[in-house]
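Any read-out appearing in this document is the output of simple, stated calculations on the displayed coordinates, not a laboratory observation. What you see is a predicted model, and the numbers here were worked out from it, not measured in a lab. Neighbour counts are summed over all protein chains in view; Cβ atoms, including those assigned to glycine, are modelled from backbone coordinates with ideal geometry.
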Amino acid sequence: MCDATLATSRRRMTATARLASVDALRGCTVAAMLLVNDPGSWDAVYAPLEHATWHGCTPTDLVFPFFLFIVGVSSALAFGPRLDRQAARTPMLQAALWRAARIIALGLAINLLAWWLLPNAHLRLPGVLQRIGLCFAAVAAIALYLRPRAQWLVLIALLVGYGLLLQWGGTLAPFDNVASRFDHVVFGSTVYQIDAATGRGHDPEGLLSTLPALATTLLGLLAGHWLRVRNLRAIGLLGIAAFALGFVWSFWQPFNKNLWTSSFALWTAGWASLALLAFHWAIDVRGWPAWGRRFGVNAIAAYAGSELMQILLPAFGWQVPLYHFLLADWLTPLAGAHLASLTWAIAFVFLWWLIASALDRRGVFIRI
């Protein structure tokens, strides 16, 4: 990269406390979350928009790791400039823990509302927002109180330790693996899924598998440190190395989002690192439009709001009639059920883009 281009990039970074590329990548990730979470019919979903049934990694499986990776990047950008002030660390950690607690509480509140309003729903304690809150709290403490070398040691310990734990804990089969068994002991029947045959439980956002998810967030923290000091080559090397190591590791323990295997953590962080580099070059360096930024600056609010809508629409009996009246009844005969279902998901994303855009134009940024 030439000196003039680097200088332009530095001026853009100095001019704003936020990087438009990071907001845009976060926003595109949230848009992808809404797209894969909100089809018109779960019986008609294109394969790339579904999670792998167990082992494997589809494009949809990249979405949540990308978000956690960006949590790490954002933490590095937020805390990094103030790490030289020792006295500021405790107040910053207290603020981060308080925010993490609010995110966890919001996730619990959404789960409680679903349990209360939706027929046949059961109470679930773990969840996406709960995992985000836990990872944010942990990575904030690590960023504020551990030096980079210690951060690397924690990362290695998480990946290797969890890999060995899965290996020594028995099989990787559904409900029989150590992560599922641990979460069932901790949460009982308040997990995502209970096997009717054995009574065992499993949760894809369980407590034990949050350890390798923290490793994903830590990789984002390291990438964020390099982004601050303009070491773009290191971010690229991180992406390639994580990508390659994850691929090799998958021959021992396959990619598995449900268990968040260490191979999955590395593989997805590799993709996220390269995406961060591409977004930074395109938006911060070349000055391309920051598509997705409006979602990105209100990310948690957009995700939580969409989840609430997906509870309230079925609870009031509106989801199915709206879908059939607006789309399915006329589009399915013309183009098929899968395209109709996808069109509904795209319309759902567009609706929330309009909401996010209205908030952004008015300077409203909802901080959970």
Would you mind getting me the FRET efficiency between TRP54 and SER189? Use the beta-carbon distance for r and R0 = 22 Å, nearest 0.05. 0.55
Based on the alpha-carbon gyration tensor of segment 26-125 and its eigenvalue square roots a ≥ b ≥ c, which shape applies: rounded if a/c is under 1.5, prolate if not and a/b is larger than b/c, or oblate? oblate
Expressed in nm², what is the orientationally averaged projection area of the convex hull enclosing the Cα positions of segment 92-132? 2.7
Quick check on the chain: helices-only [θ] at 222 nm, where DSSP H runs of length 4 and up contribute -39,500 (n - 2.57) each and the sum goes over total residues. Nearest 500, please. -22000 deg cm²/dmol
Using a 10 Å cut-off on Cβ atoms, rank the peptides 41-54, 118-131 from the highest mean neighbour count down. 118-131, 41-54
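What relative contact order, as a whole-number percentage, does segment 224-286 give when Cα pairs under 8 Å and 6 or more residues apart are counted?
It comes to 34 percent, rounded to a whole number.
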Amide N proximity, segment 17-37 versus ARG362 label position 7 Å along Cα-to-Cβ, cut-off under 16 Å: none
Considering only the other residues whose Cβ falls under 9 Å of the Cβ of VAL297, what net charge follows from Lys and Arg at +1 and Asp and Glu at -1? +2
I want the local charge near THR58. Using Cβ-Cβ distances under 14 Å, sum +1 for each Lys or Arg and -1 for each Asp or Glu among the other residues. -1
Taking segment 65-285, the whole-percent share of alpha-carbon pairs separated by over 33 angstrom is 19
Let's see if you can work this out: charge +1 on each Lys and Arg Cβ, -1 on each Asp and Glu Cβ, no other charges. What is the dipole magnitude of segment 65-285 about its Cα centre, in debye to the nearest 20? 700
Under 10 Å, Cβ to Cβ, from GLY133 - net charge with Lys/Arg +1 and Asp/Glu -1: +3
For a label point 7 angstrom out from the Cα of ALA88 toward its Cβ, which stretches of segment 126-145 have the backbone nitrogen within less than 13 Å? 144
Scan around GLN193 for amide H atoms under 5 Å from its own, H built in the peptide plane at 1.01 Å from N, and keep only partners 5 or more places away or cross-chain. HIS202
Could you work out the relative contact order of segment 33-172? I mean the mean sequence separation of Cα pairs under 8 Å and 6+ apart, divided by the number of residues, in percent. 20
With a ≥ b ≥ c the root eigenvalues of the C-alpha gyration tensor of segment 120-200, is it rounded (a/c under 1.5), prolate (a/b larger than b/c) or oblate? oblate
Could I have the simple spin-label model distance between TRP115 and LEU164, label points 7 Å from Cα toward Cβ, reported in nm to one decimal? 3.7
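Peptides 288-300, 266-278: what's the order by average Cβ count within 10 Å, highest mean first? Numbers along the way, then the final one.
Numbers: 288-300: 21.5, 266-278: 23.2.
With the highest mean Cβ count within 10 Å placed first, the list reads 266-278, 288-300.
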